[in-house]
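> I have a structure I would like to understand better, so I am pasting it below and will then ask my questions one at a time.
The values are calculated or read from the model by the stated rules, or taken from the named source; none is laboratory data. Computed from a predicted structure; not experimentally measured. Reconstructed Cβ throughout: ideal geometry from the backbone, glycine too, with neighbour counts over all protein chains shown. Ligands, DNA and RNA are excluded from the accessible area calculation, which covers all protein heavy atoms including side chains. Shrake-Rupley method; radii C 1.70, N 1.55, O 1.52, S 1.80 Å.
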Amino acid sequence: PAICEELFFRGLILSGFRRLGPGTALFLSSLLFAVAHSSIYRLLPTFTLGLLLGYCALRSRSLIPGMIIHAVNNSLLVTLVHVPDLAKKLGMNDLEYVPWSWSLGMGLVTCLRMVLIFRDKPVPEPKAPPSAD
């Protein structure tokens, strides 16, 4: 899913909306990403993940960072579902809900990463070759 979804949502959808401006393209592609996951309960977290993945794609001008983040996210969730003892050790007795402390921690880590991303200089847009006219 990480590769296919990134190719579709960040490669096709995000780039297709770029003519509307990067902010609008990021918002619309993230919204479509969240709606495509068909869960009203996961709409906001999936939308937020879509914003992060889309921003990484716009900033790096590559789909690879988003594919890696997406794969790590999915792998962690699958691990917690299939290894319930690990989830219990981490304080997640009910896998339907993430404890507030974990949500707060994940939010802080995400904010820290966004600060580090904003601090970096973006990759410049490639210049068009001069015309032969």
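> State which residue pairs qualify: first residue more than 16 Å from Ala25 (Cα to Cα) and touching a residue at least 60 places away in the same chain (Cβ under 8 Å) and inside region 39-66, second residue surrounded by fewer than 19 Cβ atoms within 10 Å (Cβ to Cβ) and not β-branched (Val, Ile, Thr) in any location, beta carbons under 8 Å apart, and separation of 6 or more residues or different chains.
From residues that are more than 16 Å from Ala25 (Cα to Cα) and touching a residue at least 60 places away in the same chain (Cβ under 8 Å), there are no pairs.
> Here's something else I'd like to know. Quick check on this structure: which one of Leu12, Leu51 is in contact with a Phe, Trp or Tyr (Cβ under 9 Å, 6 or more places away or on another chain), assigned to a helix (DSSP H, G or I) and open to solvent by 40 Å² or more (accessible area, probe 1.4 Å)?
Answer to the selection: Leu51.
> Taking the conditions exactly as written (at pLDDT 70 or above and either open to solvent by less than 80 Å² (accessible area, probe 1.4 Å) or in contact with a strand residue (DSSP E or B) (Cβ under 9 Å, 6 or more places away or on another chain) (or both)), does Leu86 satisfy them or not?
yes
Here's the yes/no breakdown for (1) open to solvent by 40 Å² or more (accessible area, probe 1.4 Å); (2) assigned to a helix (DSSP H, G or I); (3) at pLDDT below 85; (4) touching a His at 6+ places or on another chain (Cβ under 6 Å):
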position	(1), (2), (3), (4)
Leu7	yes, yes, no, no
Gly23	yes, yes, no, no
Leu26	no, yes, no, no
Leu44	yes, yes, no, no
Ala57	no, yes, no, no
Ile68	yes, yes, no, no
Val109	yes, yes, yes, no
